[in-house]
Each structure stands twice: as structure tokens, then as C-alpha cells.
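Engineer: I am attaching a structure below and will ask some questions about it afterwards.
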Amino acid sequence: MDKIYLKKGREDSLLRFHPWVFSGAVAQIVGNPAEGDLVGVFSSSGEFLAEGHFQIGSIAVRILSFSADASKPSFFEDRIRSAYKLREAAGLAGSASTTCYRLVHGEGDFLPGLIIDWYDGVAVLQAHSVGMFRAKKKITEALKVVYGDALKAVYDKSSGTAPFKAGLELIDGYLYKAEGFSSDEAVVLEGGNKFIVNWCEGQKTGFFLDQRENRAAVGRLAAGRNVLNLFCYTGGFSIYALAAGALHVDSVDSSSRAMDLVDRNVELNGFAPDRHTSICADAIDFLKASPEGKYDLLIVDPPAFAKHRGALSNALRAYRRLNAAAIAKAAPGSFIFTFSCSQVVDKEAFALAVFSAAAETGRKVRILDRLCQPSDHAVNIYHPEGEYLKGLLLYVE
Ligand code: SAH
């Protein structure tokens, strides 16, 4: 294993178990590691600190282990088993009413660069680093051991997430299929509701598993309400609202493929078609054109407006405008569930954007709850950057 020596005084973050080594902290590379190789990381005085995947770029090493066990044959099996145990303890794995969950959440499961989502027997893998991309076969073998016969397929969906490098074949496809497995989509259960997930054609790994608890929160307040679900994707929030007894739900997304799935999900769950309307449109245009006071429960869950720090101020402006439009249109006595999934927008900055939005409308607005990502998107306490989903439940008079 090649070795990386840090500059004097730059070992502090690793001693606090932060899982990244920035290239600026590296004093010397002994050997000639290829990107994705396992390397050992040492302090300037030669003390062993950690092991991880070598990268070219601003992060030089993503740490897999603070003891010397990353090359152990059972490494991925051990980590994946521990991730599974957490989901089991949290009431997800083995649940009869929820058959989909995030199994591996990168740094949150001590596997930086790796996402694995579980859809009732199908594990969808997304590598965000060359090291994890190159480890796909080992990860597949580990999944087979941990799940046994329950594993029907492993699908690699890394083409949009792994860094492009010459020599890496970034083509999505199955890494494993059990005998007789053939479909590219499945019906999964979340909180007792049915959803069609297509991991090949869908966004991300096929479904936004991170909104499970917030969808349940919408369900708790939706009875008797007129609901507008903006940026609905396949209708997660809409289905929970309908199941909870919402009078009517309008679902809006700019993706026609997503809207087709919303219609199929409404039908699959047996709701009367006149309780739901699918609208394929730009959410902001739709909101601006909609009459004031039509809706008394609104969900605003846009895609990440800022993907990097440079986009922060534009993103905050966009959150403010969007939320001001939603608050302005809400009927007196409305609930608004508003979210940001931009990692670089922290919860204080988001709350400030929503505060400015409220002030712009002049309406009386109260914060009833602060919302976040669920337990299967756990945040490694030494890696606060893993906290990305934040939301507010507002009450508008
Ligand atoms: N709330 C969803 C997830 C939203 S992801 C759920 O619970 O599953 C963000 C969605 O916004 C995507 O489906 C994307 O197609 C949609 N989108 C992006 N830009 C949009 C726009 N300008 N208007 C409407 N929808 C948009």
C-alpha cells in the first residue's frame, strides 16, 4: 500500500475522525498510487493515522478506516452488515409496511463515496468516487453475503455520479441478477403506501427516500385540505396526503416522465381520479398563475439550487422568491412544508431565506417544526457536511 505523509500540524482533522484529507495537507506521496487505490495516511512524524481511497482533486484521500483494516477481505461485508443492523434497529429493514430504504449513506455509514438504496430486494449502487467505483464487485459480493436469498439484483447507477476518468467504463447496468429476475422496476411500500420505482430511468436511484418522515408528517396534517405538491417527482407527498384524507391534491413537476409515474401511483393506491390532478409545468410559473387562497397545504421541495459554494447567493435568492410566492398564495390557516436539499445551504441560511420571503409578503407566519433527513440518511458526527436536507413547517394566517 502506498503512503501519504501529511504536513506538520495537518493531522488534527483525522485525529477528530473527519473522513477527508485535502490535497493541501499532503506533504509527500511515497509510491505512485493510481486514483482509487487504497493508501495509508501518516503524520509528518510517521505515525499511522488512517487508510482510504486515493483521489486526484481537492480531496486527496477519502478515509475508509482509522485502524488498518480497509484491505481486510471482509471489510465491505463488515461495513454493510453494520449499515444493515442500523436500518434493522431503526425499524426499516424487515418492516412489513416499508420495503425501501437507504442502506449505505456514504460518510454516514463510514463508506465515503458510496450510496446504496434498497428497493425490496434490489440494491441500487451509486459510486461517487473512483475508489468505490472500482470496488463495485467486492461490494456486490458483500451484499450477497449480508442479504442471502433476499437479494434479487444489484444495479450500478454510477454513470452520473462517479467522476469521469479515462479507462473507467461509466455505463449503468446490473452487477448481479438472481435467477428469474427480469424487471427494471418494482412496486415498493413506504409507510404502507405503494410506489413504482424504476431505478434505470428514474432520477437519482429511482426514488427520493430521504423524504419518508416528512411525507408522514404531511399525512398527519392533510385531512380535509386542498393540497399543492410542487416539485412532486413521482408523487411521494401526494400519495400520503390522499391516503390521509386530503380533499384534493394538485401535483406539479416539470418532468413528464415523473408525472406519468404520479398517475400510475395514484391509480395503484386506489384513489378516486377526481381527487388528484397531475400538472406537467414549471413550478414557479404554475404558482404565479394560481389563484390566491386555493390551497391550504403546500409542499415546496425543489431540486438543489446550489450544487457548490459559488452558487450560494443565487440559490438563497431563488429560495426566497419561491417561498415568497408560496406564502403569498397560501389560504389563511395554511400549512407549508418547505425544503432545501442543497448541502451548501445550511439550516440557518435557509431559515433566513424563508424569513425574508415571509417578510416580503407581510403575512403572519409561524414556524411549527424544523424538518430534516431520516435515520437511514444518518450524519456521521465527525462529518457535519453530511447533513443536507432541511425544511420548515410553516403556519400562515
Ligand atoms: N418531492 C419529491 C422529490 C423532488 S426532487 C419526492 O418526494 O419524491 C425535485 C423535482 O423537481 C424533480 O422531480 C424535478 O423533475 C423537478 N423540477 C426541477 N425543476 C423544476 C421546475 N422548474 N418546475 C417543476 N419541477 C421541477
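Engineer: From the list Leu316, Leu352, Leu322, which one is in the same structural domain as Gly236 (by TED's automatic domain parsing), surrounded by fewer than 16 Cβ atoms within 10 Å (Cβ to Cβ) and of a type in the set (A, V, I, L, M, F, W, C)? Lay out the reasoning, then the answer.
Structural biologist: Values: Leu316 fails: surrounded by fewer than 16 Cβ atoms within 10 Å (Cβ to Cβ); Leu322 fails: surrounded by fewer than 16 Cβ atoms within 10 Å (Cβ to Cβ).
Answer to the check: Leu352.
Engineer: Limited to region 330-343, what total is found for residues that are more than 12 Å from the ligand (Cβ to nearest atom) and surrounded by fewer than 22 Cβ atoms within 10 Å (Cβ to Cβ)?
Structural biologist: 4
Engineer: Next question. Can you find even one residue in region 199-206 that is outside the structural domain of Ser255 (by TED's automatic domain parsing) and at pLDDT below 95?
Structural biologist: no
Engineer: Among the residues of region 2-30, write down those that are exposed (fewer than 13 other Cβ atoms within 10 Å of the Cβ) and not in a helix (DSSP H, G or I).
Structural biologist: Lys8, Gly9, Arg16, Gln28, Val30
Engineer: Right, here's the next one. Taking Leu322, is it closer than 21 Å to Lys364 by Cα and either modelled with pLDDT of 95 or more or more than 15 Å from the ligand (Cβ to nearest atom) (or both)? Steps first, please.
Structural biologist: Details: closer than 21 Å to Lys364 by Cα: yes; either modelled with pLDDT of 95 or more or more than 15 Å from the ligand (Cβ to nearest atom) (or both): yes.
The answer is yes for Leu322.
Engineer: List the number of the failed condition for Pro112; all other conditions in (1) within 23 Å of Phe181 (Cα to Cα); (2) touching a Pro at 6+ places or on another chain (Cβ under 6 Å) hold.
Structural biologist: Every listed condition holds for Pro112 apart from (1).
Engineer: Between Asp301, Asp260, Asp285, Asp253, which is touching a residue at least 24 places away in the same chain (Cβ under 8 Å), acidic (Asp, Glu) and more than 23 Å from Ile367 (Cβ to Cβ)? Even if it seems obvious, please write down each step before you answer.
Structural biologist: On the way: Asp301 fails: more than 23 Å from Ile367 (Cβ to Cβ); Asp260 fails: touching a residue at least 24 places away in the same chain (Cβ under 8 Å); Asp285 fails: touching a residue at least 24 places away in the same chain (Cβ under 8 Å).
The conditions single out Asp253.
Engineer: Going through Tyr240, Tyr295 one at a time, which residue ends up being among the aromatic types (Phe, Trp, Tyr), in contact with a Ser or Thr (Cβ under 8 Å, 6 or more places away or on another chain), within 25 Å of Phe350 (Cβ to Cβ) and in contact (Cβ under 8 Å) with a residue 24 or more places away in the chain? Working first, answer last.
Structural biologist: Numbers: Tyr240 fails: in contact with a Ser or Thr (Cβ under 8 Å, 6 or more places away or on another chain).
Tyr295 is the lone residue from the list that is among the aromatic types (Phe, Trp, Tyr), in contact with a Ser or Thr (Cβ under 8 Å, 6 or more places away or on another chain), within 25 Å of Phe350 (Cβ to Cβ) and in contact (Cβ under 8 Å) with a residue 24 or more places away in the chain.
Engineer: Still on this structure, please answer the following. When you scan region 219-303 for helices (runs of 4 or more DSSP H) that lie fully inside it, which ones turn up with 2 or more residues that are more than 12 Å from the ligand (Cβ to nearest atom) and either among the small types (Gly, Ala, Ser) or buried (at least 18 other Cβ atoms within 10 Å of the Cβ) (or both)?
Structural biologist: Details: elements: 236-243, 256-268, 283-289.
Those helices (runs of 4 or more DSSP H) span 236-243.
Engineer: Another question, then. Looking at Ile80, Ile56 in this structure, which one is out of contact with any Ser or Thr (no Cβ under 8 Å at 6 or more places or on another chain) and under 30 Å from Tyr147 (Cα atoms)? Spell out how you get there, then give the answer.
Structural biologist: On the way: Ile56 fails: under 30 Å from Tyr147 (Cα atoms).
Ile80 is the lone residue from the list that is out of contact with any Ser or Thr (no Cβ under 8 Å at 6 or more places or on another chain) and under 30 Å from Tyr147 (Cα atoms).
Engineer: Return the pairs, sorted by first residue and then second, in which the second residue is of a type in the set (Phe, Trp, Tyr) and more than 12 Å from the ligand (Cβ to nearest atom), the first residue lies in region 207-234 and is more than 20 Å from Asp120 (Cα to Cα), the beta carbons are less than 6 Å apart, and the residues are 6+ apart or on different chains.
Structural biologist: Pairs that qualify, where the first residue is more than 20 Å from Asp120 (Cα to Cα) and the partner is of a type in the set (Phe, Trp, Tyr) and more than 12 Å from the ligand (Cβ to nearest atom), are Leu221/Phe335; Asn226/Tyr295; Leu228/Tyr295.
Engineer: When Gly160 is evaluated against the numbered criteria (1) within 16 Å of the ligand (Cβ to nearest atom); (2) assigned by TED's automatic domain parsing to the domain that holds Asp117; (3) under 14 Å from Cys100 (Cα atoms), which criterion, by number, is the only one it fails?
Structural biologist: With (1) within 16 Å of the ligand (Cβ to nearest atom); (2) assigned by TED's automatic domain parsing to the domain that holds Asp117; (3) under 14 Å from Cys100 (Cα atoms) applied to Gly160, the lone miss is (3).
Engineer: Here is a further query. Residue check, Glu201 against (1) out of contact with any helix residue (DSSP H, G or I) (no Cβ under 6 Å at 6 or more places or on another chain); (2) within 9 Å of the ligand (Cβ to nearest atom), all met but one. Which one?
Structural biologist: Going through the list (1) out of contact with any helix residue (DSSP H, G or I) (no Cβ under 6 Å at 6 or more places or on another chain); (2) within 9 Å of the ligand (Cβ to nearest atom), Glu201 breaks only (2).
Engineer: Here are some conditions: (1) under 13 Å from Asp2 (Cα atoms); (2) free of Cβ contacts under 8 Å to residues at least 60 places away in the same chain; (3) not basic (Lys, Arg). His53 meets all but one. Which one does it not meet?
Structural biologist: Here His53 clears every test but (2).
Engineer: In region 362-382, what residues are assigned to a strand (DSSP E or B) and not basic (Lys, Arg)? Reasoning before the result, please.
Structural biologist: As a first pass, look at region 362-382 and keep what is assigned to a strand (DSSP E or B): 365-372.
Answer for region 362-382, where residues must be assigned to a strand (DSSP E or B) and not basic (Lys, Arg): Val365, Ile367, Leu368, Asp369, Leu371, Cys372.
Engineer: OK, next. Being aliphatic (A, V, I, L, M), out of contact with any helix residue (DSSP H, G or I) (no Cβ under 8 Å at 6 or more places or on another chain) and not assigned by TED's automatic domain parsing to the domain that holds Ala325 narrows it down to one of Ile171, Ile196, so name that one.
Structural biologist: Going through Ile171, Ile196 in turn, the sole match is Ile171.
Residue-wise test of (1) acidic (Asp, Glu); (2) under 17 Å from Leu14 (Cα atoms); (3) under 23 Å from the mean Cα position of the chain (by Cα).
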| site | (1), (2), (3) |
| --- | --- |
| Leu38 | no, yes, no |
| Glu51 | yes, yes, no |
| Arg62 | no, yes, yes |
| Ser65 | no, yes, no |
| Ala70 | no, yes, no |
| Ser74 | no, no, no |
| Glu77 | yes, no, yes |
| Ser82 | no, no, yes |
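Engineer: Picking from Ala353, Ala331, Ala358, Ala311, which residue would you name as being out of contact with any Leu (no Cβ under 8 Å at 6 or more places or on another chain), at pLDDT 95 or above and either more than 22 Å from Phe237 (Cα to Cα) or part of a loop (DSSP other than H, G, I, E, B) (or both)? Talk me through it step by step, then tell me what you get.
Structural biologist: Numbers: Ala353 fails: out of contact with any Leu (no Cβ under 8 Å at 6 or more places or on another chain); Ala358 fails: out of contact with any Leu (no Cβ under 8 Å at 6 or more places or on another chain); Ala311 fails: at pLDDT 95 or above.
It is Ala331.
The values are calculated or read from the model by the stated rules, or taken from the named source; none is laboratory data. This is a predicted model, so every value here is computed, not measured. Don't worry about glycine lacking a Cβ; one is built from the backbone with ideal geometry, like all the others, and counts go over all protein chains shown.
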